[in-house]
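Participant: Handing you a structure now.
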Amino acid sequence: MAPRKQQLPAIYKFRVISECEVPELGPMLVKMEQAGLKVVGHELVTDTLAFAGNKKHDVKAEDFLGEWTMEHPTFPIKEAVAHFRANSRSPASCYTAAKVLVEKGLLKKLAGSNYARTDVKALAHAKPGGHESSGTDDIRRFIRGRKHFSTAQLKDLFREHGRNPHSVSPILDKMAKQKLIKRTGPSGSGEYMPLAKAKKIAPKKALKALNGAQPVIEANANG
């Protein structure tokens, strides 16, 4: 029977890769030797600094904005700027693109910083911002007949109507103070429910006295 070979214990080691500036190389090597680390090699790395230039895109800015307006027939310019930024485009290119589309007759400038496609029929008696009704009116129509609604739903609604979604929260705060809506979730959850506005009850008037008698006050049925 052949003798069984003795298994040698495994030896574990690490190869550590680190970086340091050129003036720190000497002291670093000394510290590594003192720590019992063996230097097996080194490499000089050259970093070339450069200023970030304007990124070129395959689609021109005005074409990019024009495509976006297909789903946003009316919009405030800052929403278009946000769309440009989200796609690594500069705000300046968005303003330039809007100006070009206006000059080409594809966009028209509305009140404030709002724009609309020229193929969208202008709303009669439009309020400032190019909207037929106020943001509050839009919210009231949306929540009518609903038991619950959220801030996120209303922001989507405002985006669809070309309104500033950041104006939703101030309107909701005002409506809550007017007892038109009530917050149902914890603070910051954006969950609400509509409230039925209480009707004002006219004060009951005293009946006029007949033949000089004392006036009779209509009494409550419950005393």
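Participant: For the pairs K99/K174; K60/K109; K60/K155, note any where the Cα-Cα span goes beyond 27 Å.
Facilitator: Distance filter (> 27 Å) returns K99/K174; K60/K155.
Participant: Gain in length, M32 to K78, computed as 0.36 nm per residue apart minus the alpha-carbon separation, to one decimal in nm? Please report the intermediate quantities before stating the final value.
Facilitator: Numbers: separation 46, 0.36 × 46 = 16.56 nm, distance 5.54 nm.
Full extension of this stretch gives 11.0 nm more.
Participant: If each residue's Cβ is checked for other Cβ atoms within 10 Å, how do H57, H83 rank with the fewest at the top?
Facilitator: Ordered by Cβ neighbours within 10 Å, fewest first: H57, H83.
Participant: Counting other beta carbons within 10 Å of each residue's own, what order do E191, E62, E33 fall into, fewest first?
Facilitator: Placing the least packed residue first, the sequence is E33, E191, E62.
Participant: Once you place label points 7 Å from the Cα toward the Cβ at F142 and V22, how far apart are they in nm?
Facilitator: Using points 7 Å along Cα→Cβ, the separation is 6.1 nm.
Values quoted throughout were computed directly from the atomic coordinates according to the rules given, and no laboratory measurement underlies them. On a predicted model such as this, the values are computed, not experimentally measured, just so you know. Reconstructed Cβ throughout: ideal geometry from the backbone, glycine too, with neighbour counts over all protein chains shown.
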